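Peer 1: Quick one: the structure is below, questions incoming.
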Amino acid sequence: MGNSSSTLPIKTVFKLSSPLPSWPPGEGFAKGTIDLGELEVCQITSFNKVWSATKGGPDNVGATFYEPSPIPEGFHLLGFYSQPNNKPLFGWALAVKDSNGSSSALAQPIDYTLIWSSASRKVKGDGNGYLWLPTPPEGYKAAGMVVTNTPQKPPLDKVRCVRSDLTEPCEEETWIWAQKKAPTIDEADGFDIYSLRPTNRGIELPGVRVGTFTVRNGGPGSTITSSLACLKNVNPNKNSYMPNLEQVKALFRAYAPLIYFHPDEKFLPSSVNWYFDNGALLYQKGEDQSSKPVGIKVEQDGSNLPQGGANDGSFWLDLPVDNDAKEKVKKGDLSSAQVYLHAKPILGSTFTDIGIWLFFPFNGPARAKVGPLDIPLGKIGEHIGDWEHLTLRVSNFNGELWLLYLSQHSKGQWVEASELEFGSGNKPVAYASLNGHALYRKPGTVMQGGGEVGIRNDTAKSKFVMDTEKGFSIVAGQYLGSAIVEPPWLNYLRKWGPRIVYDSADEVEKIQNALPGNVKLPSEIFGEDGPTGPKLKRSWSGDEVI
């Protein structure tokens, strides 16, 4: 499958395990090009190597710089592509052409500035590399850099600059390379390569990622990123390039993740309907604070839940009162478990994010690691109504999976397809941590926190595996209009668990007294609030949090 590193420079090209299927018919999705209004763009995924550094950067194995090639007739490059050498070649850069006959949307640079050369830096590589910043005409912005292996300036027609009103601001994204093993922090002579992305990203935002890179030259605040731009989708029909409902279903079936739970996991997922049907209760804060609120049973479809409103603590869900029923519900029911899909445009409608939401009736207690010691944390970490999610990021140019987001507590990480494990066909594999259900790309233990103490996140393969294709429903997709009817529970914008499920002060004091010396627990484990549902997460309308 080509998902391992090879000898340098990069010789392995990543490809998905199975060919892309033929997608159901639709308007503009997976047609190869996208009209941004005054510009038409295509995604170039083949490259000619220009220069490689063989040391420095991630894993200290260097990075390689590429010219996207071949370019379709009539299209032009905006900049070159680069990636670290510690993974197979897997990337893209956009090529662009004028889409409406205007001669003003694109312009050649008027010059180049040499930003950096390996010749004077004693960089280990195959010859020398030279990085050039295009000088745009007045009223235009450069969207990428050019790399050569000779000191001669590149030809002026090598790339194009873009009229400023067709661009959006961009920012550094992922660290690609530096001469050292880690990103430059404070050194005045530092030099780092980063990929670029739009600064502002979300459902309605027009910024389009170009696939190029930028340079930080001289430490913090000394960067040329502000000289570069991403593209802007000004097409009023931009969502015509998004997948329709049948195409979203086909995309999910092609890439539906396999989720493995730890062999010791006691708190498995369920469907929302199973949770309601097995006695989940809705509570409302009363005016008389001296009396205990009485819960009412939630209808199976959630139709008696309050809709909309503010998350002001007036309502919350809880487990059944009966102890046997409570213990049953806490364990979940893997056979009934479903995932709930939310399709949304991202990066100026050039990609589709398919959010995959899982519901767990209960989140189990945490465990700390203090040096060689493993310490159970009592009830710390427990809460009711645990929502976790993954996100597939799919190219609207061809329907190919590029990234998988894995939620991990309050944040998460994007993982490129080339770094994922795959199960059947093109289904990525994810591992849910014991009790806490944070998601990771490979089995093992990941430590949360820092210093002498961390919270354990243990993952492993087991018989508890969820093939998400076997139980899914598309519950939201604003751009799909009336094709989607949202279930009532999705618009329940209150807590899915009570605010306090244990006396955190007593629990923390007991654990703290058991710790050696001056070791302190990390602040993120102090107390648990009842979690909110998917619609109140930042990623619902914005980009994922990393």
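The values are calculated or read from the model by the stated rules, or taken from the named source; none is laboratory data. What you see is a predicted model, and the numbers here were worked out from it, not measured in a lab. Note that each Cβ is placed from the backbone with ideal geometry, even for glycine, and that neighbours are counted across all protein chains shown. These accessible areas exclude ligands, DNA and RNA; they are computed on the full protein's heavy atoms, side chains included. Shrake-Rupley method; radii C 1.70, N 1.55, O 1.52, S 1.80 Å.
Peer 1: Using only the alpha-carbon atoms, how far is helix 504-514 inclined from the longest principal axis of the chain? Give it as 0 to 90 degrees, nearest 10.
Peer 2: Taking the Cα atoms of the chain, the angle to 504-514 is about 80 degrees.
Peer 1: Where does the charge balance sit around Pro72 when Lys and Arg score +1, Asp and Glu -1, over other residues with C-beta under 11 Å from its C-beta?
Peer 2: After counting each charged neighbour, the total is -1.
Peer 1: Over what distance in Å are the Cα centres of the range 46-63 and the range 318-332 separated?
Peer 2: 54 Å
Peer 1: Taking amide hydrogens as modeled 1.01 Å from N in the peptide plane, which residues meet the under 5 Å criterion relative to Gly190, leaving out close sequence neighbours?
Peer 2: Here Gly218, Gly219 satisfy the definition.
Peer 1: Round to the nearest 0.05 the FRET efficiency obtained for Asp126 and Ile224 when R0 = 30 Å and r is the Cβ-Cβ distance.
Peer 2: Numbers: r = 25 Å, r/R0 = 0.83.
The value I calculate is 0.75.
Peer 1: In Å, what Kirkwood hydrodynamic radius results for the range 1-122 from the alpha-carbon pair distances?
Peer 2: Here the Kirkwood hydrodynamic radius works out to 17.1 Å.
Peer 1: Related question: Give the whole-number value, in cubic angstrom per residue, of the convex hull volume spanned by the C-alpha atoms of the chain. Walk me through the numbers before you get to the answer.
Peer 2: Details: hull volume 94.6 nm³, N = 546.
Dividing the Cα hull volume of the chain by its residues yields 173 Å³.
Peer 1: Ranked highest first by the average count of other Cβ atoms within 10 Å around their residues, in what order do 442-448, 106-112, 300-306, 344-350 fall?
Peer 2: Values: 442-448: 14.3, 106-112: 17.4, 300-306: 15.9, 344-350: 24.6.
Listed from highest to lowest mean packing, they are 344-350, 106-112, 300-306, 442-448.
Peer 1: Which listed residue (Ala256, Ser226, Asn237) has the Cα farthest towards the positive end of the charge dipole for the range 226-269, taking +1 on Lys and Arg C-beta and -1 on Asp and Glu C-beta about the Cα centre?
Peer 2: About the Cα centre, the residue reaching furthest to the positive side is Asn237.
Peer 1: Taking the chain as the reference, fit the longest principal axis to its C-alpha atoms, fit the long axis of helix 245-255 to the helix C-alpha atoms, and give the angle between the two in degrees, 0 to 90, nearest 10.
Peer 2: 90 degrees
Peer 1: Between Ser17 and Glu486, with labels modelled 7 Å along Cα→Cβ, what's the label distance in nm to one decimal, could you check?
Peer 2: Result for the modelled spin labels: 3.5 nm.
Peer 1: When ligands, DNA and RNA are left out and all protein chains stay put, how many square angstrom of accessible area per residue does the range 32-232 have with a 1.4 Å probe? Before the final figure, lay out the partial values.
Peer 2: On the way: 7730 Å² over 201 residues.
Counting only protein heavy atoms, the per-residue value for the range 32-232 is 38 Å².
Peer 1: Apply the Kirkwood formula to the range 32-232: the hydrodynamic radius equals the inverse of the mean of 1/r over all pairs of different alpha-carbon atoms; give it in Å with one decimal.
Peer 2: Details: mean 1/r = 0.0590 Å⁻¹.
Its Kirkwood hydrodynamic radius stands at 16.9 Å.
Peer 1: Here's a follow-up. Pairwise over distinct Cα atoms, reciprocal of the mean inverse distance: report the Kirkwood radius of the range 128-245 in Å, one decimal place.
Peer 2: Mean inverse Cα-Cα distance, inverted, gives 15.7 Å.
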